[in-house]
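Structure record follows, encoded as structure tokens.
The values are calculated or read from the model by the stated rules, or taken from the named source; none is laboratory data. A quick note: this is a predicted structure, and the numbers were derived from the prediction, not measured. Note: ideal-geometry Cβ built from the backbone for every residue, glycine included; neighbour counts use all protein chains shown.
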Amino acid sequence: MNPSDFTPLWTGQRGCSSPLKMVAVRGALEHGNPNLVTVYDDLIFVLDERSGTVTTLLASVDPSAALIQEPINPDGAAQLAPGVWFFAKGIHKENPAWPCLVQAEDFTVFRLAKDGSVRTRQIGDFGIHFHSGGTGSSTKRFSAGCQIPHNGDGYFQDPTWGKIIHPIYAAMDAYGIRTLPYMLIDAKDFHLPIPTTGYLNPIVP
């Protein structure tokens, strides 16, 4: 895949002129079946138009099932709504050893009931981060609404997390980008071939 393959998705969208972008596809690996919140069944594509590269990440863009059942927020677990959102560099849970991407603007989220249905919609800064997930196929309790690439080395452990976050930081620095556009769409709205191999961070049995 090439960054130009994604151009139709970005035409007329906020952030379309940025040379560095991300596209997240919810339910990408479900092949028309319902999206799951228990496993890493989503994909995030990191598009670097200047280098001409696309990096594919296995991820979850949903809150973990355990945190839907026992939400941290009394309004319910947060599920990021489809759209284009802007992230900036930051750290997770005020830990300088955990570099990530943090909200650079207000996001729209769905607040979920315990059965996973949508209760309401909210707009604000809810601490939705792009940060490391963990090992295995289950998302366990790693996300209360954050965007989490799988990490077979463990939560925020290198080399996997470094291979994901450091190139993003480096490209942002090289291109003078302070905020990074992140497009989230549902699988039904994504019309490019879904790669089944070639992920930077696959689940290894």
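Given the residues A144, A174, which is the only one that is in contact with a strand residue (DSSP E or B) (Cβ under 7 Å, 6 or more places away or on another chain) and either modelled with pLDDT of 95 or more or part of a loop (DSSP other than H, G, I, E, B) (or both)?
Unique residue meeting the criteria: A144.
How many residues are in contact with a Ser or Thr (Cβ under 6 Å, 6 or more places away or on another chain) and buried (at least 17 other Cβ atoms within 10 Å of the Cβ) when one looks only at region 159-205?
Residues in region 159-205 being in contact with a Ser or Thr (Cβ under 6 Å, 6 or more places away or on another chain) and buried (at least 17 other Cβ atoms within 10 Å of the Cβ): 4 in total.
Of all residues in region 93-133, which are among the small types (G, A, S), assigned to a loop (DSSP other than H, G, I, E, B), at negative phi and surrounded by fewer than 21 Cβ atoms within 10 Å (Cβ to Cβ)?
Hits for region 93-133 are A104, A113, S117.
Sort out which residues of region 110-133 are free of Cβ contacts under 8 Å to residues at least 12 places away in the same chain and not polar (S, T, N, Q), and write them in order of number.
Answer for region 110-133, where residues must be free of Cβ contacts under 8 Å to residues at least 12 places away in the same chain and not polar (S, T, N, Q): just D115.
For the structure I just gave you, tell me whether E70 is surrounded by 14 or more Cβ atoms within 10 Å (Cβ to Cβ), farther than 24 Å from H166 by Cβ and either modelled with pLDDT of 95 or more or among the acidic types (D, E) (or both).
No: the conditions fail for E70.
If only one of D153, D125 is farther than 19 Å from V23 by Cβ, of a type in the set (D, E) and either modelled with pLDDT under 95 or out of contact with any Pro (no Cβ under 8 Å at 6 or more places or on another chain) (or both), which one is it?
D125
Hey, among the residues in region 184-199 that are in a loop (DSSP other than H, G, I, E, B) and of a type in the set (A, V, I, L, M, F, W, C), which one's farthest from I148 (Cα to Cα)?
Applying the filter and picking the extreme gives L192.
Filter region 151-205 for residues that are of a type in the set (K, R) and either more than 16 Å from P99 (Cβ to Cβ) or without any contact (Cβ under 8 Å) to a residue 12 or more places away in the chain (or both) and give the result.
Across region 151-205, the qualifying residue is only K188.
Take T139 and tell me if it is exposed (fewer than 14 other Cβ atoms within 10 Å of the Cβ) and of a type in the set (S, T, Y).
No.
Here is a yes/no grid of residues against (1) over 11 Å from the mean Cα position of the chain (by Cα); (2) in a strand (DSSP E or B):
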| position | (1), (2) |
| --- | --- |
| S17 | yes, no |
| K21 | yes, yes |
| V25 | no, yes |
| G32 | yes, no |
| V46 | no, yes |
| S51 | yes, no |
| L58 | no, yes |
| D62 | no, no |
